[in-house]
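Participant: Would you mind keeping the following structure in view while I ask a few things?
Computed from the coordinates by the stated procedures, all read-outs in this text should not be read as laboratory data. This one's a predicted model, so the numbers in the text were calculated from it and none came from an experiment. Neighbour counts are summed over all protein chains in view; Cβ atoms, including those assigned to glycine, are modelled from backbone coordinates with ideal geometry.
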Amino acid sequence: MKAAERARRKWDRAALGYDLMAGGAQERRWEAPKRALYRTMGQGRILFVALGTGLDIAHFPPGRDITGLDISPAMLKRAAPRIAAYSGRLQARVMDVGALDFPDAAFDQVFTACTFCSVPDPVRGLLELHRVLRPGGTLGLFEHTGSRCFPFNCLLDALTPLSRLVGPDLNRDTVGNVLRAGFDVESVEPHYLDIVKTIRARKPI
Ligand SMILES: C[S@@+](CC[C@H](N)C(=O)[O-])C[C@H]1O[C@@H](n2cnc3c(N)ncnc32)[C@H](O)[C@@H]1O
């Protein structure tokens, strides 16, 4: 079975319990940094990668033109009421970030949260985001990553083989992967002992 199909099945299975697991205390903790990131959504064409069950939508500024995607139809089905309630233009499509069905330079901005800890081939996905962003366009990520703080770095390495079975890898080098995909990294803001980061990057002109 291909990696993308395995990812789709894993997240389809996770959809039913996802809001219970991630929608309570965790989402309240993430609210301030997510809002700060999404506040930079402008008036152009926005791609939001991995809508999941739509927990991010409550933090989007109103009135934007957003195309959302997720590899899991079951996650998007649960997101439907949140998508319908958004006071702007928000359409969702089932799609693998590693094989985007959009032309080059189709978007002015790309955002995502808690995604590149999960996708099977993160650099391939980031290369696709690079392709569909216009030159000078921005990429904003809020991501689980490895930590630079001892002993959390060792803990995250130890937990990742288990966490990967049901959800994300906890120790990815996402800042390095963003650079590998050809972006300029403009800022990295650590949260919670550096296990989560806000990363702002730009496609060079
Ligand atoms: C941890 S959830 C995050 C969802 C949401 N952004 C949030 O913060 O609640 C990870 C999401 O990434 C999606 N995903 C995993 N691999 C993907 C891929 N290759 N392409 C698109 N979405 C993917 C999963 O279906 C899941 O909805």
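Participant: For a protection proxy built on the mean count of beta-carbon atoms within 10 angstrom, sort 149-157, 44-52 highest first, please.
Facilitator: 44-52, 149-157
Participant: Contact order normalised by length for the chain, with contacts defined as Cα pairs under 8 Å and 6 or more residues apart; what percent is it?
Facilitator: Dividing the mean separation by the residue count of the chain yields 19 percent.
Participant: Next question. Within 10 Å, count the other beta carbons around each residue, average over each peptide in 108-118, 68-78, and list them highest first.
Facilitator: 108-118, 68-78
Participant: Also, quick follow-up: Based on DSSP H runs of at least 4 residues, each adding -39500 (n - 2.57), what is the mean residue ellipticity at 222 nm of the chain after dividing by all its residues, to the nearest 500 deg cm²/dmol?
Facilitator: -12500 deg cm²/dmol
Participant: With θ set to phi - 60°, apply the Karplus curve 6.51 cos²θ - 1.76 cosθ + 1.60 along region 101-112 and write out the HN-Hα couplings as whole Hz, x wherever there is a Gly or Pro.
Facilitator: 9, 10, x, 4, 6, 7, 10, 8, 9, 10, 10, 6
Participant: What helices does the chain hold that run 24 Å or longer along their axis, going by alpha-carbon atoms, with a Kyte-Doolittle average of 0.5 or more, using DSSP H for the helix calls?
Facilitator: Once both thresholds are applied, nothing remains.
Participant: Take the alpha carbon atoms of region 83-130, find their center, do the same for region 1-80, and report the distance between the two centers in whole angstrom.
Facilitator: The two parts, judged by their Cα centres, are 10 Å apart.
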